[in-house]
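Contents: one structure, followed by commentary.
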Amino acid sequence: MKKNKSVAILAVVLAAVVLLCYYASIILSSTGKGEDKNISLGLDLAGGVSITYQVVTEGATSEQMSDTIYKLQKRIEAYSTEASVYQSGDDRICVEIPGVTDANDILEDLGTPGSLQFCDPDGNVFMTGEDVASAQAGTYKDNTGNTAYCVDLVLTDDAAEKFSEITGANIGKNLPIIYDGEVISNPVVQSQISGGTAQITGMADYDEASRLASQIRIGSLSLELSELESQVVGAQLGGEAMTSALKAALIGLALIVIFMIAYYWMLGVAASIALVIYSTLTIAVIYWFDITLTLPGIAGIILGIGMAVDANVVIYGRIREEIASGKSVYNAMRDGFKKATSAIVDGNVTTLIVAAILAWKGSGTVKGFAYTLAIGIIVSLFTALFVTRYVVYSFYGIGVKDEKFYGKAKNLKTISFTKRRAVFYGIGLACIAAGFIGMGVHSAQGDGALNLSLEFVGGTSNTVYFNEEYTLEQIDSEMVPLVMEVTGDSDVYVQKVADSTGVIFKTRNLNLEEREAFNKIFVDNYGVDESTISSQSISSTISSEMTSDAVVAVIIAVILIMIYIAFRFQDFRFASAAVIALLHDILLVLASYALVRITVGSTFIAVMLTILGYSINDTIVVFDRVRENIHNRARVSKKELAEISDMSITQTLSRSVNTSVTTFVMVLLLYIMGVASIKDFSLPLMVGIVAGLFSSVCISTNLWFDMKTRFGKVGKKK
């Protein structure tokens, strides 16, 4: 690359760094302050609107309540992926939507859920809202070529045939749509409609079409609801949580930059530039796509930082190896990027599969995590394969050509991992067994196998109105410890009611004696009028359907990962070993939850998904080296196979350790500087990072070796 071109490229890259840093600082400085340029934050970080609905339908069953909650959750995901829905008392449903400061806007757009009926010309009901799979406002071109507005309907499979029969028998007649006893649309049947899709035309404008679509969507609920009350609630974690997370991220990035430069010299400088671009560009993309950011979403960003560093570590390790083999610096850079590409692409594609499936099947925080994870993967691929490449070549082009600026890989003595595989298997199984034993002991003691949070098991919502307004930090430091003494549990959620002195305390289920003790705290210490304290039981915010959706998503993702790895590596044993290693990591993290009694809440799902994506990427890099070292060897002896396995692990060992260390540092800082809920998230994540390193180095390749020698063609080379 010519010098002038190299200088120009570096100037453009540095200008991009400055502009992106400035842009990201504007976004972050205004986040949560209600300004135009900000990132949408979830209920845990910024608060939002809370709407309580009363169930009008008499004799509602628990199944109907559960079904309504799940469907309502799906409906409000149009406003935010981080919205939550849960049952309050026996006949109320609460909806909490983050990032909203005016409840009237949501109520006007969402509408009041009521009964929806599709009738024939004689007024007989032939279909209800439950038969509608989706309803969306849309546009089309009419006969004159002008834009017209409509509502596109997709019916369930059971309703499609019924709808076809009714429309076929009533061509030219009206089929009124009745919502809550009122005709909201009276379309004329133009022709028989089959295939399960239909279109309602004749809307005056897009707003009218959007309102009708909203009424049809919300009318498909199992129960009829009426609005009881609405209020704006504050953040559950407060500004301190966001501030501490940002400080931890900045300090972590600074430490990683220092480490990369100290370890890789000029290559480290290039990595640091790419990492800054990655971080700022990720923030910008999250803002551009209006993705709601919560604590689980931060997990996706952290994983992305780890993977962005990892890609550079893989490339630079390759370049140093090529220099050590006697190649010139330029040829080493060319071959290093070429040989590292397959491992980087395979590792990121498998993680992207996880993100795509979770975004498709997941709900709530799972979907939010999937979006941030996918963004991180795509941006990290861009920075690693393009930005880093051009920066490194530009350094060379301006005259930084001596190999001392890039380093040379040392000839490491091959470590015999395969000979110790029985010990490694034993260590992993022992740690997993300890977790199951711990769950059994706690279950026998009546404490539950895992320390499930309110998000999974529900609890009691207590609203207290004080004589003066308190900050969330004051509430956390002064009041929450007093509440914990009553409950004997650290699982306490706090929300402020906007424009009032009210504070909502969500705890585990309280009996009568505990509720009296709870009230006494605030009467004696804060002069609260006991008659203003109200409490009611609430269900879990993570429904069984949402949990099953997450489980199904993970299963589908694992199956697709196995198929992809088997296809790319032309060996199903690689895929099987990778999945078993993943299971090992997940069970070790579960063991940490059981033994340390870390609260299992929404962050539990985020942690498990983070480890799923992180660990598979780690394993792929090692497998890629095994594939390269065994290439063109039709048959090898068991001894040679062991040597190849040990050599491959040793060659990638520094990469595995360096990537794990940089990611671990980011999470450790979150643990040190974060509030209690962030600690509950970061501690098991640290366990998962260590478990992922152990399985990638000591478990996965050894499993493949055992499968290969027992179920493969192994013998003397021809």
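Is there any pair linking a residue in region 676-696 that is among the hydroxyl-bearing types (Ser, Thr, Tyr) to one that is open to solvent by 40 Å² or more (accessible area, probe 1.4 Å), with Cβ under 6 Å and at least six apart or on different chains, and which?
682/671
Tell me the residue from 510, 450 that is touching a residue at least 40 places away in the same chain (Cβ under 8 Å) and within 20 Å of residue 87 (Cα to Cα), please. Talk me through it step by step, then tell me what you get.
Details: 450 fails: within 20 Å of residue 87 (Cα to Cα).
After applying the criteria, what remains is 510.
Picking from 622, 636, which residue would you name as being more than 17 Å from residue 687 (Cα to Cα) and in contact with a Ser or Thr (Cβ under 7 Å, 6 or more places away or on another chain)? Before the answer, list the steps.
Details: 636 fails: in contact with a Ser or Thr (Cβ under 7 Å, 6 or more places away or on another chain).
None of the others qualify; the one that does is 622.
Restricting attention to region 564-574, and to residues there that are surrounded by 16 or more Cβ atoms within 10 Å (Cβ to Cβ) and in contact with a Lys or Arg (Cβ under 9 Å, 6 or more places away or on another chain), which single residue is nearest to residue 616 (Cα to Cα)? Write out each step before concluding.
We begin by selecting, within region 564-574, every residue surrounded by 16 or more Cβ atoms within 10 Å (Cβ to Cβ); these are 564-566, 568-569, 571, 573-574.
Now narrow it down to the ones that are in contact with a Lys or Arg (Cβ under 9 Å, 6 or more places away or on another chain): 566, 568-569, 571, 573-574.
Working: 566: 14, 568: 14, 569: 14, 571: 16, 573: 15, 574: 12 Å.
Per the stated criteria, the residue is 574.
Would you pick out the residues in region 402-413 that are among the aromatic types (Phe, Trp, Tyr) and open to solvent by 30 Å² or more (accessible area, probe 1.4 Å)?
Within region 402-413, the subset among the aromatic types (Phe, Trp, Tyr) is 405-406.
Across region 402-413, the qualifying residue is only 405.
Got at least one residue in region 406-429 being at positive phi and part of a loop (DSSP other than H, G, I, E, B)?
Initial filter on region 406-429 (at positive phi): 407.
Keeping just the survivors that are part of a loop (DSSP other than H, G, I, E, B) gives 407.
Checked against the condition, which is being at positive phi and part of a loop (DSSP other than H, G, I, E, B), region 406-429 yields at least one hit.
Across region 433-470, what is the number of residues that are β-branched (Val, Ile, Thr) and in contact with a helix residue (DSSP H, G or I) (Cβ under 8 Å, 6 or more places away or on another chain)?
Selection size over region 433-470: 2.
Does residue 512 satisfy the criteria of being farther than 30 Å from residue 328 by Cα and surrounded by fewer than 19 Cβ atoms within 10 Å (Cβ to Cβ)? Walk me through it before giving the result.
Details: farther than 30 Å from residue 328 by Cα: yes; surrounded by fewer than 19 Cβ atoms within 10 Å (Cβ to Cβ): yes.
Taking the combined requirement at face value, the residue satisfies it.
Does residue 346 meet the test of being more than 36 Å from the chain's Cα centre (by Cα) and not small (Gly, Ala, Ser)? Before the answer, list the steps.
Details: more than 36 Å from the chain's Cα centre (by Cα): no; not small (Gly, Ala, Ser): yes.
No: the conditions fail for residue 346.
Name the single residue that is farthest from residue 284 (Cα to Cα) among those in region 375-401 being open to solvent by less than 10 Å² (accessible area, probe 1.4 Å) and of a type in the set (Ser, Thr, Tyr).
Here the answer is 394.
Within region 414-471, track down each residue that is open to solvent by less than 40 Å² (accessible area, probe 1.4 Å) and aromatic (Phe, Trp, Tyr).
417, 424, 466, 470
Scanning region 313-358 for residues that are basic (Lys, Arg), in a helix (DSSP H, G or I) and without any contact (Cβ under 8 Å) to a residue 24 or more places away in the chain, which turns out surrounded by the most Cβ atoms within 10 Å (Cβ to Cβ)? Give the derivation first.
Start the filter on region 313-358 by keeping residues that are basic (Lys, Arg), which leaves 318, 320, 327, 334, 338-339.
When the remaining residues are screened for being in a helix (DSSP H, G or I), the result is 318, 320, 334, 338-339.
Subset that is without any contact (Cβ under 8 Å) to a residue 24 or more places away in the chain: 318, 334, 338.
Values: 318: 24, 334: 16, 338: 12.
Filtering region 313-358 for residues that are basic (Lys, Arg), in a helix (DSSP H, G or I) and without any contact (Cβ under 8 Å) to a residue 24 or more places away in the chain, the one surrounded by the most Cβ atoms within 10 Å (Cβ to Cβ) comes out as 318.
Restricting to region 483-503, what's the tally of residues that are open to solvent by less than 50 Å² (accessible area, probe 1.4 Å) and either within 26 Å of residue 447 (Cα to Cα) or touching a helix residue (DSSP H, G or I) at 6+ places or on another chain (Cβ under 7 Å) (or both)?
Of all residues in region 483-503, those open to solvent by less than 50 Å² (accessible area, probe 1.4 Å) come to 483, 486-487, 489, 491-492, 494-498, 500-503.
Now restrict to residues that are either within 26 Å of residue 447 (Cα to Cα) or touching a helix residue (DSSP H, G or I) at 6+ places or on another chain (Cβ under 7 Å) (or both): 483, 486-487, 489, 491-492, 494, 496, 503.
Final tally of qualifying residues: 9.
Which of the residues belonging to region 625-646 are over 15 Å from residue 699 (Cα atoms), open to solvent by 10 Å² or more (accessible area, probe 1.4 Å) and assigned to a helix (DSSP H, G or I)?
Passing the criteria: 625, 627, 628, 629, 638, 639, 640, 643.
Which residue pairs have Cβ atoms under 7 Å apart, sit 6 or more places apart or on different chains, and have a first residue in region 517-530 that is open to solvent by 50 Å² or more (accessible area, probe 1.4 Å) and a second that is among the β-branched types (Val, Ile, Thr)?
530/523
Of all helices (runs of 4 or more DSSP H) completely enclosed by region 471-589, which ones contain at least 2 residues that are more than 28 Å from the chain's Cα centre (by Cα)?
480-487, 512-526
So if I check each of 609, 595, which one is modelled with pLDDT under 85, in a helix (DSSP H, G or I) and either hydrophobic (A, V, I, L, M, F, W, C) or open to solvent by 10 Å² or more (accessible area, probe 1.4 Å) (or both)? Please lay out each step first, then the result.
Working: 595 fails: modelled with pLDDT under 85.
None of the other options fit; the residue is 609.
The values are calculated or read from the model by the stated rules, or taken from the named source; none is laboratory data. Everything numeric in this text was worked out from a predicted model, so none of it was measured. Here the Cβ is made from the backbone with ideal geometry for all residues, glycine too, and neighbour counts use every protein chain on show. The area values use the complete protein model at the heavy-atom level, side chains included, leaving out ligands, DNA and RNA. Shrake-Rupley method; radii C 1.70, N 1.55, O 1.52, S 1.80 Å.
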